[in-house]
Amino acid sequence: MVCARVQVVDAFFAAAHGGDFDALVAALDPDVVSRIDAGAGALIPSGVLHGAATVARQTLAIASIVDPERLRQFDFSVLGS
């Protein structure tokens, strides 16, 4: 199961940092929910996003300003099966 999760995360990162909207939508569950806690002074607002296309658009916007190696520091073991 861990191998499958790593593949999903790798596909997500590749699509996000490659700017591939269609591949990013394909890597996401159609009913995905993304909760954003931007914190004080953030450039983007906190909120909740629903649906693969909406989350993909926000992800592409964020990916364009974030170093991909920095994202690799996150612990993705919390992903559901």
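Where residues in segment 33-49 are surrounded by fewer than 10 Cβ atoms within 10 Å (Cβ to Cβ) and among the hydrophobic types (A, V, I, L, M, F, W, C), which of them is nearest to Ser64 (Cα to Cα)? Steps first, please.
Looking only at segment 33-49, we keep the residues that are surrounded by fewer than 10 Cβ atoms within 10 Å (Cβ to Cβ), and these are 35, 37, 39-41, 43, 45, 48.
Imposing the further condition that a residue be among the hydrophobic types (A, V, I, L, M, F, W, C) reduces the set to 40, 43, 48.
Numbers: Ala40: 21, Leu43: 13, Val48: 20 Å.
The residue in question is Leu43.
Which numbered condition trips up Leu24, out of (1) out of contact with any helix residue (DSSP H, G or I) (no Cβ under 7 Å at 6 or more places or on another chain); (2) at pLDDT 90 or above?
(1)
Here is a yes/no grid of residues against (1) out of contact with any helix residue (DSSP H, G or I) (no Cβ under 6 Å at 6 or more places or on another chain); (2) aromatic (Phe, Trp, Tyr); (3) modelled with pLDDT of 85 or more:
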residue	(1), (2), (3)
Ser34	no, no, yes
Gly51	yes, no, yes
Thr54	yes, no, yes
Ala61	yes, no, yes
Gln73	yes, no, no
Phe76	no, yes, no
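Out of (1) assigned to a helix (DSSP H, G or I); (2) modelled with pLDDT of 85 or more; (3) farther than 21 Å from Cys3 by Cα; (4) aliphatic (A, V, I, L, M), what's the single condition that is false for Ala14?
So the condition that Ala14 fails would be (3).
State whether the residues of segment 22-32 include one that is under 11 Å from the mean Cα position of the chain (by Cα) and under 19 Å from Ile65 (Cα atoms).
In the first step, residues of segment 22-32 are kept if they are under 11 Å from the mean Cα position of the chain (by Cα); the result is 24-25, 27-28, 32.
Checking the rest, the ones that are also under 19 Å from Ile65 (Cα atoms) come to 24.
Yes, segment 22-32 contains a residue that is under 11 Å from the mean Cα position of the chain (by Cα) and under 19 Å from Ile65 (Cα atoms).
Please work out if Val8 is at pLDDT 90 or above, in contact with a helix residue (DSSP H, G or I) (Cβ under 9 Å, 6 or more places away or on another chain) and not polar (S, T, N, Q). Steps first, answer last, please.
Details: at pLDDT 90 or above: no; in contact with a helix residue (DSSP H, G or I) (Cβ under 9 Å, 6 or more places away or on another chain): yes; not polar (S, T, N, Q): yes.
The answer is no for Val8.
The values are calculated or read from the model by the stated rules, or taken from the named source; none is laboratory data. Note that the structure is predicted; figures quoted are calculated from it, not measured. When we count neighbours, we look across all protein chains shown, and the Cβ atoms used for this are built from the backbone with ideal geometry, even at glycine.
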